[in-house]
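Undergrad: Before I ask anything, let me first share the structure, which is written out below as structure tokens.
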Amino acid sequence: MKKLIDIKRFKFYLWVGLVFLLLGFFSNLAEHPGAAFKRALNNIWAASYVTVLNYFLFEYTLPELSRKKIFKSLLLIAGHIFLYSWGAYIWRCIGMGLNIYTPFVTFPSVSKAVSDRMAYSVESVFFFGIIRHVYNYIKLKQAAQQLRIEKQQAELNYLRSQTNPHFLFNTLNNIYSLARDKSDLAPESVLRLSKILRFMLYETGGEYIAIEQELKIISDYIALEKLRYDDSLRVNFNYDIEDMKQALPPLLLIPLVENAFKHGVSETRDRPFVDIHLSVNKRQLVFFVKNSSEELPGEGRVKENIGLSNLRRQLELLYKDYNLSVQQDEYIFTATLKINLASHV
């Protein structure tokens with residue numbers, strides 16, 4: 001059941017009433033200089049009445065109006081018309097009786113006085129109605145924006161929850177192959193995996209990490225992958241970064257590196273290689289990954305795996321200015337990611 005008085009909403013009407021009061025006071029003072037204190041009391045007395053009345057009109061009466069309850073609706077409308085006219089006149093008379101309201105104008109008849117109060121009340125209805133409409137529109141926009149942000153954050157969390165298990169699953173497969181072959185490198189691979197897991201559990205919970213942390217996880221992953229291959233694998237990883245403390249969403253770059261090993265190097269029989277270069281200067285990030293591949297270029301688009309598709313969606317949610325391009329040439333796959341880090345949503 002709705003409360004009779006919603007304190008938060010009523011405070012809003014009090015602020016609007018205060019503005020309405022001040023506008024009326026300065027308008028009267030400009031037309032009739034003098035007796036400022038008495039005119040201020042008059043405005044306070046009249047504005048307090050229409051403020052309470054408008055609160056009940058907009059918050060309770062108008063929402064109750066319905067064609068299905070036509071009789072009740074007509075009674076409510078008639079009641080408010082009475083309160084805005086005769087009620088306002090009676091309120092004026094009460095103020096005069098209490099020596100609060102000073103009658104600067106003498107009306108020739110009661111009906112003229114009632115008409116004057118009705119005109120004042122109608123002004124207040126339009127003023128309160130317009131301000132209330134603007135206020136509600138702004139609040140609605142803010143609520144919609146907040147809902148959009150929460151929805152995007154939920155989707156980002158979901159995408160990351162997909163990326164992490166996918167990344168770990170592929171890494172565990174690599175360790176399994178070493179363990180199955182009884183390789184002496186299996187213990188070292190487990191140790192490196194534990195470092196990666198520790199990072200993912202304790203360092204990637206927030207929205208951002210420093211670029212130097214992203215570089216570290218990439219380096220650890222490369223070192224873990226290299227354990228599977230002999231000296232025939234060539235890996236070149238270099239970077240040119242203006243500020244190592246710049247913020248970056250966690251694990252944003254790792255899908256491109258993982259893709260180079262899982263769908264490139266692991267399927268290359270002759271002279272496998274991975275070239276990785278990262279540059280971040282003046283908030284412009286360029287991440288270039290080129291790797292060997294057994295696939296030949298096709299006529300259509302490059303078929304993207306879950307990692308690349310997931311990355312594209314994260315970029316859509318995170319940045320306004322970015323570009324991710326992939327290209328399959330003869331035995332070479334290239335991925336280039338460009339981000340304006342200042343365009344974060």
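What follows draws every value from the coordinates through simple rules; no lab data is involved. Worth saying up front: this structure is predicted, and the values here are computed from it rather than measured. Positions of Cβ are generated from backbone atoms using ideal geometry, with glycine treated the same way; all protein chains shown enter the neighbour counts.
Undergrad: What is the fewest-to-most order of F333, F58, F104 by other Cβ atoms lying within 10 Å of their Cβ?
TA: F104, F58, F333
Undergrad: Give me log10 I(q)/I(0) at q = 0.33 Å⁻¹ for the stretch 27-71, Debye formula, one equal scatterer per alpha-carbon, no solvent.
TA: For the stretch 27-71, the Cα-only Debye profile gives -1.05.
Undergrad: Return the sequence-ordered ³J(HN,Hα) values of the stretch 329-345 in whole Hz as given by the Karplus equation 6.51 cos²θ - 1.76 cosθ + 1.60 applied to θ = phi - 60°, using x for Gly and Pro.
TA: Each residue's phi maps through the Karplus curve to give 9, 6, 6, 9, 10, 10, 10, 10, 10, 10, 9, 8, 5, 6, 9, 4, 5 Hz.
Undergrad: Ranked from highest to lowest mean number of other Cβ atoms within 10 Å per residue, what is the order of the peptides 139-147, 284-292, 206-214?
TA: Descending packing order for the listed peptides: 284-292, 206-214, 139-147.
Undergrad: Something else about it: Springs between alpha-carbon pairs under 10 angstrom, Gaussian network model over the chain: which of P249, P187, P108 fluctuates most?
TA: Sorting by GNM fluctuation, first place goes to P108.
Undergrad: Taking 7 Å along the Cα-to-C-beta vector as the label spot, tell me the V52-D220 distance in nanometres, rounded to one decimal.
TA: Between V52 and D220, the label points sit 6.7 nm apart.
Undergrad: Can I ask one more? Note down the magnitude of the dipole of the chain about its Cα centre, charges +1 on Lys and Arg C-beta and -1 on Asp and Glu C-beta and zero elsewhere, to the nearest 20 debye.
TA: 2420
Undergrad: Follow-up question, since we're still on this one. Return the long-range amide H neighbours of H263 (sequence gap of 5 or more, or a different chain), with a cut-off of under 5 Å between placed amide H atoms.
TA: Excluding prolines and chain starts, which carry no amide H, there are no hits.
Undergrad: Here are several values of semi-axes √(5λ) of the Cα gyration tensor in Å: [x] 34, 23, 17; [y] 75, 20, 18; [z] 41, 23, 19. Which one was derived from the coordinates shown?
TA: Recomputing semi-axes √(5λ) of the Cα gyration tensor in Å here picks out [y].
Undergrad: Among F37, F237, which comes first, then next, by fewest other beta-carbon atoms within 10 Å?
TA: Ascending Cβ contact count within 10 Å gives the list F37, F237.
Undergrad: In Å, what Rg and Dmax follow from the Cα atoms of the stretch 186-255?
TA: 13.2, 39
Undergrad: Could you tell me the calculated FRET efficiency between E330 and Q145, based on Cβ-Cβ distance and R0 = 56 angstrom, to the nearest 0.05?
TA: Efficiency for this residue pair is about 0.70.
Undergrad: Add -39500 (n - 2.57) for each DSSP H run of 4 or more in the chain, then divide by its residues: what number comes out at 222 nm, to the nearest 500 deg cm²/dmol?
TA: -19500 deg cm²/dmol
Undergrad: Could I get the Rg over Rh figure for the stretch 7-143? Both from C-alpha atoms, Rh via Kirkwood, rounded to two places.
TA: Using only Cα positions, Rg/Rh for the stretch 7-143 is 1.01.
Undergrad: Quick check on the stretch 187-343: what are the equivalent-ellipsoid semi-axes from the Cα gyration tensor, as sqrt(5λ), descending, whole Å?
TA: 24, 21, 14
Undergrad: Could I ask something else about it? Could you size up the charge dipole of the stretch 7-143 around its Cα centre, putting +1 on the beta carbon of Lys and Arg and -1 on that of Asp and Glu, and report it in debye to the nearest 20?
TA: Dipole size: approximately 520 debye.
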